[in-house]
Every structure is written in structure tokens, then in C-alpha cells.
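*Asks:* Okay, handing you the structure first.
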Amino acid sequence: MTRKIRTRKTRRLTIIAVAGCILAVALGLVLYAMNDTIVFFNSPADVQAKNVAPGTRFRLGGLVKEGSVRRGEKQQVEFEVMDAQSSIRVHYQGLLPDLFREGQGVVAEGRLEPSGVFRADTVLAKHDENYMPREVADALKRQGHWQGEGPASQQAKQN
């Protein structure tokens, strides 16, 4: 009788261990497959410092540079996204968010072209004066370029 109980326990533990291994392998495969679709945020200075390869998909965030917005035919728009250190030219075709304007925070998602121009397929603008994507706000605070509430905004206004 003791031998039969050990066999049941052993069989049960073996099934649990095999199921756990299968689950771990499946999770690993899912994460590996998602690796190409995960999009990271980069400021213009990050893109230049990391030498991002052309064709790489990522999110570009910063402020829309004053005087850089140019509208063309068929909803084509060109503008520059900047931070305290550099800027990157962005080409976008489509409708821009209603609150998109110069001097405001923006996140553009797309690919970097070999020419250094960022080809965006999605553009997101902040939806009110209190919101900015966390990564954009953190990058701008680190560079002393933040225009939000608090001590960092006072410092940015003095510069």
C-alpha cells in the first residue's frame, strides 16, 4: 500500500513539473515573439546617443519645436520633435490630434529612415495642460526643459 501511494504522489509531481515546464516554454516563446512589437520611448538625444539603426520601430517623444510645423497636401505634416539637446524631423501623413501645436508635448510612433527623418504612423498629443506621457516628462525634467508645475518649471522658465 505504501508503494502505491508513493507512485501516485510521484506521478502527480511529475505531471505538475511537466506542466510547469511547458508553461515556462510557452511564456518564453510569447515574450520572444513580442520582442519585435514592443515599442520603447526615446527622446531625440537618446536616438542620437544610441545610434538607432534605420528601420527600427520606436516611440519618439519631446516637444514640438516652435516654427517647425509645415503642412502639405493630402494631410502631410512635417515638424520637429526636440528636447534640450537636439531635435529630429518627423514626417506624418494623417489627421493630427486636436491639441497638437508647437511648444507642446508629443509622442510619435514609427520608424527612423536612413536619411535621419522619423516617419511616424501615429502621433499622440497631450490631452490637457496637466498631462504628458511619464517618459517624456521625466526626460524633459532631467534636461531642465520641463514646463509643467513645480520647481522644475520655475527653473525651465528662468533658462
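*Asks:* Based on the alpha-carbon gyration tensor of segment 41-146 and its eigenvalue square roots a ≥ b ≥ c, which shape applies: rounded if a/c is under 1.5, prolate if not and a/b is larger than b/c, or oblate?
*Replies:* Judged from the Cα gyration tensor, segment 41-146 comes out oblate (a/c at least 1.5, b/c at or above a/b).
*Asks:* May I ask you to derive the FRET efficiency for ARG101 and GLU135 from their Cβ-Cβ distance with R0 = 22 Å, giving the value to the nearest 0.05?
*Replies:* So, using R0 = 22 Å, E works out to roughly 0.60.
*Asks:* OK, next. According to a simple spin-label model (label point 7 Å from Cα along Cα-to-Cβ), what is the distance in nm between THR56 and ARG119?
*Replies:* 1.8 nm
*Asks:* Can you sort SER68, SER115, SER87 so the residue with the fewest Cβ neighbours within 10 Å comes first?
*Replies:* Ranking SER68, SER115, SER87 by Cβ neighbours within 10 Å, fewest first, gives SER115, SER68, SER87.
Taken together, the values in this text are just the output of simple stated rules run on the coordinates, not laboratory data. Owing to the predicted nature of the structure, the values given are computational and were not obtained by experimental measurement. Positions of Cβ are generated from backbone atoms using ideal geometry, with glycine treated the same way; all protein chains shown enter the neighbour counts.
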